[in-house]
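Undergrad: The structure's right below; bear with me while I get my questions together.
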There are 2 protein chains.
Amino acid sequence: MRSLQGPVEDLASTALENKIAEQPALNNGHANGHANGHTNGTTTTTTLQPLDASKLTIRRADPTAREVPDEDTACSGNETICTDHMITVTWDASSGWSAPELKPYGPLSLMPTASVLHYATECFEGLKAYRGYDGKLRLFRPDCNARRMLMSTLRISLPGFDPAELEKLIMALVAVDGTKWLPKSRPGSYLYLRPAVIGTQPQLGVQAPKEALLFITASFMPRMDTPPGGMKLHTNPEDMVRAWVGGFGYAKVGANYGPSLLATVEARERGFTQILWLYGPEGYCTEAGASNFFVVWRSKEGRLELVTAPLDDKLILDGVTRRSVVELARERLAGELEVVERRYTIDEVLEADREGRLVEAFAAGTAFFICPVSQIRHRDTDVHIPMGKGEIGQYTAKIKGWISDIMYGNEQHPWGVVVDEQ
Amino acid sequence: MRSLQGPVEDLASTALENKIAEQPALNNGHANGHANGHTNGTTTTTTLQPLDASKLTIRRADPTAREVPDEDTACSGNETICTDHMITVTWDASSGWSAPELKPYGPLSLMPTASVLHYATECFEGLKAYRGYDGKLRLFRPDCNARRMLMSTLRISLPGFDPAELEKLIMALVAVDGTKWLPKSRPGSYLYLRPAVIGTQPQLGVQAPKEALLFITASFMPRMDTPPGGMKLHTNPEDMVRAWVGGFGYAKVGANYGPSLLATVEARERGFTQILWLYGPEGYCTEAGASNFFVVWRSKEGRLELVTAPLDDKLILDGVTRRSVVELARERLAGELEVVERRYTIDEVLEADREGRLVEAFAAGTAFFICPVSQIRHRDTDVHIPMGKGEIGQYTAKIKGWISDIMYGNEQHPWGVVVDEQ
């Protein structure tokens, strides 16, 4: 019979924490990885090569072979335009990580039996490199992305690494391609950086891959933070939820995205930008598409609040932009507005609207940056949210401006990490 | 305010049913596909090429280049050994499906920005080709796999097709490679067939792919239906669930597999074969690993029952083996045993064990076929399940025998579809 008393033999409900604890580079700064094989009670430990950015080899593309397109046309086609180079690192369970390679951008070769193509053994990150108004090239809090990538990688049973090494590799790609592809003549522009890890072992059967590939690309990505009239959200259909308690909604794994497309496509055909994903019979607001979601309202007691879903349910992504919004608002809007991370329902949003307490709403993430939300449709009810002058509310605009100033070097801040260009 | 009355404007909770209804080949047998683009109220319809097996082109590999390995060694490495050929068909949103190609087995070339590598836009099927004791080559209910593949494909926002055409392509691959790779000298052996569809559009950004690839491989796969001592299951840790109502547990999409590996690896390190996935605070039994799960018990009233989870929650896969077990048991064990598809909890299993009512249990699926379960560990409780003589219970053995006889031609049955060898 089911017992709740100290189940010593229970399957660890902390598998991910255990995995993270096993990452030696995170615990003592030591650079060696270990493969722990537990088989029938015997534990064998082999020294594996850790991810090591200092081993990076560079094979340059012909710099005259490709021209940098206009920003306007760069995102007009059905194909992402990447820069001259990419970084790749292979891993296998018997030897660990190979020496990273920076090489000309091009196709990957995968066997049809590769794990990633069948079992979604894949995760990724998204961040940007910014050309500052002071001429410098910056990343925004890349350490946050690198740490989250480790968490996602382990959640999807791909190999761990020292996130500081991933950060160095991201910097290396930007250092090589940034000068040409993000020229000083285009201050205020950016490149989109996409690190990813995929399971490449060519073996069918549901198992943790024994071979993997880490790769990083840099590319153009359209600006999505200022859609005319603001972002329009439609709540999800009742029979489709994005993530659930005990799932993996907090990890940036492919499995969170593909299944969300069906509802998103349908919402777009109706003129909406994204799905506002509700959770549970209570209808808790979680994410707006693949962005975090914020509401500014007056509480019933009249307090001005900036409200967003909490992280501790592990339903939503721990967004770098989300985190930055929360931290800056707490620091710079103290006394004016209270930042509240808590579960809140769509009914609370509808009620605030009816009672005239809804002030602003916005989505926050790397792709949409800080994007004002002007409308939410839930079933047969429409909420129209004030947008303010210039199609952006005053608090949304303030926060967006602060973060943007850090990204583009108008404000010197530790979050803006300058890249030395080669 | 939220309203429950006839929400005409609500986002369809039937998006998948709508998509399936749009498949022209399914509705009127007509071979043309259509692309329906809804933009700002205007609907444009373009005729797209449907998936058409009659357009198959064949480019043969050198038949002497590779030898067929012994069955014993074929599955001993870390790489799946495929047959000489594979089938590939490309799709793009503007023209539809290309002419299918049967060509030498080899790697796929994908851009690093390909949708499948980031957003898990992927789904697959698994079925087997059997070399019968009568010398014939057979598939087992391939129409079921083809229809399920269509459902999975649409759920993950990949392009639809007429499942009958997919079935013909599967047959074509087996017809070409079956004679060499599944020789008449090896009756009772099989090849594993893996059709898959992946999103190949090389564009970052969360969107339904405008380019896709369907491919089919045939390979060796280890026998997993007779592990010494039977299959041992461990219930999932409390903070990890496989699927949830409103999710996609019923579809064979990659997103169901990668996230399950973390718990599975941990269970294997403890000597268990698979996770028994429970659902909800009630602990409903759903699947055993990636197989369906059956229990034979005596009800409290003394009736002998074969119990398995129902399909209508959309939590579990509509397994072809599951379906065959249910249908054959209803037909051939009527009067002896009642087949019950209903929600049942792990506590009911534990209670039946304590009261001596537990008779047998088995997992059913293409990979494990019909595999006796000898043990379930739930928290700190172990259930030991009778295995019977020959390490298999009598009902499990009967059902397994019937299905096996159909697969290998000992019984002529409509489910065993003979392939004409070339």
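Undergrad: Rounded to a whole number, what % of the accessible area of region B:146-247 do carbon and sulfur atoms account for, probe 1.4 Å?
TA: Looking at region B:146-247 in its full context, I get 57 percent from C and S.
Undergrad: Continuing with this model, one more query. For the protein assembly as shown, with every protein chain kept in place, what is the accessible area per residue (1.4 Å probe, Å²)?
TA: Here the residues of the protein assembly as shown average 37 Å² of exposed surface.
Undergrad: Taking H placed 1.01 Å from N in the peptide plane, check which residues at least 5 places from A:MET231 or on another chain put their amide H under 5 Å from its amide H.
TA: A:VAL373, A:SER374
Undergrad: Follow-up question, since we're still on this one. With a ≥ b ≥ c taken as the square roots of the eigenvalues of the C-alpha gyration tensor of region B:74-113, please select rounded if a/c is under 1.5 and otherwise prolate if a/b is larger than b/c or oblate if it is not?
TA: Because a/c hits 1.5 or more and a/b fails to exceed b/c, region B:74-113 counts as oblate.
Undergrad: Which of the listed residues, A:GLY96, A:ALA290, A:LEU315, is farthest toward the dipole's positive end in the protein assembly as shown, when Lys, Arg count +1 and Asp, Glu count -1 at the beta-carbon?
TA: A:GLY96
Undergrad: Now a separate question. Between A:LYS389 and B:ALA21, what's the calculated FRET efficiency when r is the beta-carbon distance and R0 is 51 Å? Round to 0.05.
TA: Calculated transfer efficiency: 0.65.
Undergrad: Cut-off 18 Å, label point 7 angstrom out along Cα-to-Cβ of A:ARG66: give me the residues of region A:187-212 whose amide nitrogen falls inside.
TA: Counting only backbone N, you get A:190-196.
Undergrad: Please give me the summed charge of the neighbours of A:ALA255: other residues whose Cβ is under 14 Å from its Cβ, Lys and Arg +1, Asp and Glu -1.
TA: Cβ neighbours under 14 Å give a net charge of +4.
Undergrad: Roughly how many nanometres apart are two label points built 7 Å out from the Cα toward the Cβ at B:ASP134 and B:GLU301?
TA: Label-label distance for B:ASP134 and B:GLU301, simple model: 4.2 nm.
Undergrad: Just to confirm my numbers, what's the Cα centroid distance between region A:346-407 and region A:71-136 in Å?
TA: 33
Undergrad: Calculate the mean, over all residues of peptide B:185-198, of how many other protein chain Cβ atoms lie within 10 angstrom of the residue's Cβ.
TA: 1
Undergrad: Next question. Between region B:242-305 and region A:285-343, what's the alpha-carbon centroid distance in Å?
TA: Here the answer is 36 Å between Cα centres.
Undergrad: On to the next question. For chain B, what is the Kirkwood hydrodynamic radius in Å, using each pair of distinct C-alpha atoms?
TA: 23.1
Undergrad: May I ask you to report, in nm to one decimal and beginning with the shortest, the distances from A:PRO414 to the same position in the other copies, taking label points 7 Å along Cα-to-Cβ?
TA: 7.2
Undergrad: Here is a follow-up. Could you give the size of the charge dipole of the protein assembly as shown about its Cα centre, using +1 on the Cβ of each K and R and -1 on the Cβ of each D and E, expressed in debye and rounded to the nearest 20?
TA: Rounded to the nearest 20 debye, it is 720 debye.
Undergrad: Evaluate E = 1/(1 + (r/R0)^6) for B:SER76 and A:SER95, where r is the Cβ-Cβ distance and R0 equals 22 Å; express this FRET efficiency to the nearest 0.05.
TA: According to the calculation, E is roughly 0.65.
Undergrad: Still on this structure, please answer the following. Compute for the protein assembly as shown: radius of gyration divided by Kirkwood radius, i.e. Rg/Rh, restricted to C-alpha atoms, rounded to two decimals.
TA: 0.97
Undergrad: Using a cut-off of 10 Å between beta-carbons, work out the net charge of the residues near B:ILE406 (Lys and Arg +1, Asp and Glu -1, B:ILE406 not included).
TA: 0
Undergrad: Checking buried surface per residue: for region A:103-122, which residues lose a minimum of 40 Å² accessible area in the protein assembly relative to the chain alone (1.4 Å probe)?
TA: So the qualifying set is A:TYR105, A:PRO107, A:LEU108, A:LEU110, A:MET111, A:PRO112, A:THR113, A:LEU117, A:HIS118, A:TYR119, A:GLU122.
Undergrad: Give me the percent relative contact order of chain A, please, defined on Cα pairs under 8 angstrom at least 6 residues apart.
TA: Relative contact order of chain A: 16 percent.
Undergrad: What does the helix-only formula give at 222 nm for chain B: each DSSP H stretch with n ≥ 4 adding -39500 (n - 2.57), the total divided by the residues, and the result rounded to the nearest 500 deg cm²/dmol?
TA: The helix contribution divided over chain B gives -7000 deg cm²/dmol.
Undergrad: Below 15 angstrom from the Cβ of A:GLU71, what's the summed charge of the other residues (Lys, Arg +1; Asp, Glu -1)?
TA: +2
Undergrad: Starting from the Cα coordinates of region B:231-407, work out the convex hull volume and express it per residue in Å³.
TA: Roughly 116 Å³ of hull volume per residue.
Undergrad: Shifting gears a bit: What order do you get for B:365-374, A:306-315 when each peptide is scored by the mean count of other beta carbon atoms within 10 Å, highest first?
TA: B:365-374, A:306-315
Undergrad: Then there's this: How do A:174-185, B:213-224, A:119-130 rank on mean C-beta neighbours within 10 Å, highest first?
TA: So the order, starting with the most tightly packed, is A:119-130, B:213-224, A:174-185.
Undergrad: Related question: List, shortest first and in nm to one decimal, how far the label point of A:THR179 (7 Å from Cα along Cα→Cβ) is from its counterparts in the other copies.
TA: 6.3
Undergrad: Further question: Work out how much length A:THR179 to A:ASP239 would gain on full extension: take 0.36 nm times their residue separation and subtract the Cα-Cα distance, in nm to one decimal.
TA: Working it through step by step, the gained length comes to 16.8 nm.
Undergrad: For A:LYS389, give me every one of the aspartates and glutamates with a C-alpha distance below 18 angstrom, ignoring sequence neighbours fewer than eight places off in its own chain.
TA: A:ASP225, A:GLU360
Undergrad: Just the ratio, please: alpha-carbon radius of gyration of region A:160-266 over 2.2 N^0.38 Å, N its number of residues.
TA: Relative to the 2.2 N^0.38 Å estimate, region A:160-266 comes out at 1.43.
Undergrad: Taking the Cα-to-Cβ direction at A:ARG354 and at B:GLU282 and moving 7 Å from each Cα, how far apart do the two end points lie in nm?
TA: Label-label distance for A:ARG354 and B:GLU282, simple model: 3.2 nm.
Undergrad: Just to be sure I understand: if you take the accessible area of chain A alone plus chain B alone and subtract the pair, with a 1.4 Å probe, what total do you get in Å², rounded to 100?
TA: What A and B bury together is about 8700 Å².
Undergrad: Follow-up. Checking the cross-link filter: which aspartates and glutamates have an alpha carbon closer than 15 Å to that of B:LYS136, excluding same-chain neighbours under 8 positions apart?
TA: B:ASP177, B:ASP405, B:GLU411, B:ASP420, B:GLU421
Undergrad: At 7 angstrom along the Cα-to-beta-carbon line, where would the label on A:GLU301 sit relative to the other copies? Give the distances in nm, shortest first.
TA: 5.7
Undergrad: Provide a whole-number value for the mean count of partner chain Cβ atoms within 10 Å of the Cβ atoms in peptide B:240-252.
TA: Counting Cβ atoms of other protein chains within 10 Å of each residue's Cβ and averaging gives 4.
Undergrad: Non-local amide H neighbours of A:TYR344 (under 5 Å, H modeled in plane, Pro and chain starts lacking H): which ones?
TA: Excluding prolines and chain starts, which carry no amide H, the hits are A:CYS285.
Undergrad: Amide H neighbours of A:THR80 under 5 Å, at least 5 residues apart or on other chains, H built in the peptide plane: list them.
TA: B:GLN203, B:LEU204
The values are calculated or read from the model by the stated rules, or taken from the named source; none is laboratory data. Remember, it's a predicted structure, so these values are computed and weren't measured experimentally. Here Cβ is always computed from backbone atoms with ideal geometry, including for glycine, and neighbour counts include all displayed protein chains. Accessible surface is based on the protein model in full, side chains and every heavy atom, while ligands, DNA and RNA are left aside. Shrake-Rupley method; radii C 1.70, N 1.55, O 1.52, S 1.80 Å.
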